[in-house]
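Take a look at the structure set out below.
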Amino acid sequence: MTERAASTEPTTGPTEPTTAPAPEPLLVDGAPAETLWPLDPDQRHLNHGSFGAVPNRVLEYQADLRDSMEASPIGWFGQLPDRVNAARAQMADLLHLPAGGTVFVPNASAGMSVAYASLALPRGADVVVTNHGYGAVVQGARRAAARAGGTVTVVDVPLGASDDDAETAILAAIGSRTAMLVLDHITSATATLFPVQRICRRARELGVLTVVDGAHSPGVLAQPWTPEADVWVGNLHKFACAPRGSAVLVAREEVRQDLFPLVDSWGGTLAFPERFNFGGTDDLTSYLAAPFAYDYLDQVLGWTAIRTYTGELADYGQAVVSAAMSEATGQDAHVSLRHPVGPYRLIALPRGLGHTREDADRLRDEILQALGIEAAFTSFDGRGYCRLSTHAYTVAADHEDFAARAVPWLVEAAHQ
Ligand SMILES: Cc1ncc(COP(=O)(O)O)c(C=O)c1O
């Protein structure tokens, strides 16, 4: 993967040429990797990042678990906390997380909510977030601050800022009332890797609780966890391809015993992490299937190969799509980030498109309906972007088709 120079705006010079040809598609026993997924072959799938995609074999494994649950509910639920506990330890091992600090939660939103609900903020506290924060997670921070009669400070970090500039801007917002800092590991709207480790270390030295939203990190990063964060949360149902409703929360030793599940249940009197093995009566097959999913993709494709392939294909896709967009609009659509992340790349949309989150979501739905292309559009600082995602099943033809059909559609939409 190439690292590009920083810019705060989509670049205005000539679009960078394609530097490398598309990588050869990943194969499993001679068949394209896409045959491992049940994705509709009549659609293009360039948005793994929003809701993930679960391989057939993982769905079968989960269906078998559900069959066992339905065949003998008493047998199933009696054993469930022990099975969740074993899956939890296995997942921690696979992702290089500390087993004693790792618990399952249903999704990143739930994990962040655990942090907000459990970590006490002093009266009048300030919670610091950034303008790259995921909207729903920032809303949670606002509610947590309001419960304490406090405030939220939003730090502006320009798109393409250097690590030093991001750190300086964020640390400058920490004041005497700051009790908590909430950071994204890989940002949703801007697909950028934040230097969370060093910022969390410094914030902790200043006595500030740090909570990292690593929704996109598992699978994308070989070492997804942020050890310096008091609480780090990562989705398993995004790049790691686990069934939906599976995420992990990892807590530093100092805060573990302060954390409780969102649902009060029989684990309430137990210590962390065991208290999270209980959640009331629920279908927890997604937790049990999560380590299976991660291990399965490692066996059939290998996570190192997936990361290499998706990074190279993302570079290719960005070059092809941004060249088509630049040519169609006469404005350079290439977005240079300091740290483009693994499978994600940004392309600037024509001005006027996607300048709010609602507009961006509308584009996503309309382009699927019009062209059968699943894509993600985001909005940051009043500009719209296309966030291209790749996974093992993505091929160069998906990007080429996006350039050929979606780009003219978007340019036309900008003129309406
Ligand atoms: C950065 C970030 N945080 C949190 C979430 C929420 O994830 P979930 O809907 O799985 O809770 C997302 C979803 O895309 C995200 O991108």
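All of the numbers you see were taken from the coordinates with simple rules; none came from a lab. All values reported here derive from a predicted model rather than from experimental measurement. Cβ atoms come from the backbone with ideal geometry, glycine included; neighbour counts cover every protein chain shown.
Between VAL220, VAL255, VAL212, which gets the highest mean-square fluctuation from a Gaussian network model of the chain, Cα cutoff 10 Å?
For the chain, modelled as a Gaussian network with Cα springs under 10 Å, the answer is VAL255.
If you take every residue apart from ASP398 with its C-beta less than 12 Å away from the C-beta of ASP398, what net charge results, scoring Lys and Arg +1 and Asp and Glu -1? Show your work: numbers first, answer last.
Values: positive: ARG44, ARG405; negative: GLU34, GLU374, GLU400, ASP401.
It works out to a net charge of -2.
Would you kindly state how much longer the chain becomes between VAL28 and ALA99 on full extension, computed as 0.36 nm times their sequence separation minus their alpha carbon distance, in nm to one decimal?
22.4 nm
Could you give the alpha-carbon Rg of region 72-297 over 2.2 N^0.38 Å, rounded to two decimals?
On the way: Rg = 17.2 Å, N = 226, 2.2 N^0.38 = 17.3 Å.
It is 1.00.
Using 7 Å Cα-to-Cβ label points, what is the ASP295/LEU368 separation (nm, one decimal)?
Once both label points are built, they end up 3.3 nm from each other.
Based on the Cβ-Cβ distance of THR281 and GLU327, what FRET efficiency does E = 1/(1 + (r/R0)^6) give at R0 = 60 Å, to the nearest 0.05? Kindly include the intermediate steps, with their values, before the conclusion.
Values: r = 57 Å, r/R0 = 0.94.
The calculated FRET efficiency here is 0.60.
DSSP H helices in the chain with Cα extent of 24 Å or more along the helix axis and mean Kyte-Doolittle hydropathy at least -0.5?
73-94, 303-329
Multiplying the sequence separation of VAL263 and GLU70 by 0.36 nm and subtracting their Cα-Cα distance, what value in nm do you get?
On the way: separation 193, 0.36 × 193 = 69.48 nm, distance 2.32 nm.
Value of the extension gain: 67.2 nm.
To the nearest whole percent, what portion of all C-alpha pairs in the chain is separated by more than 27 angstrom? Write out the running numbers ahead of the final one.
Details: 44752 of 86320 pairs.
Counting every Cα pair in the chain, those more than 27 Å apart make up 52 percent.
For THR281, THR102, what's the fewest-to-most ordering of other Cβ within 10 Å of each Cβ?
Details: THR281 9, THR102 22.
In increasing order of surrounding Cβ atoms, one gets THR281, THR102.
With n ≥ 4 as the cut-off for DSSP H runs, can you work out [θ] at 222 nm for the chain, using -39500 (n - 2.57) per run divided by the number of residues, rounded to the nearest 500?
Values: 13 runs with 163 residues, N = 416.
It lands at -12500 deg cm²/dmol.
Multiply the residue separation of SER176 and SER162 by 0.36 nm, subtract the distance between their alpha-carbon atoms, and state the gained length in nm to one decimal. Provide the component values of the computation, followed by the final result.
Values: separation 14, 0.36 × 14 = 5.04 nm, distance 2.61 nm.
Contour length minus Cα-Cα distance gives 2.4 nm.
With label points built 7 Å along Cα→Cβ from the Cα atoms of PHE77 and ALA305, find their separation and express it in nm.
So the two model labels end up 4.3 nm from each other.
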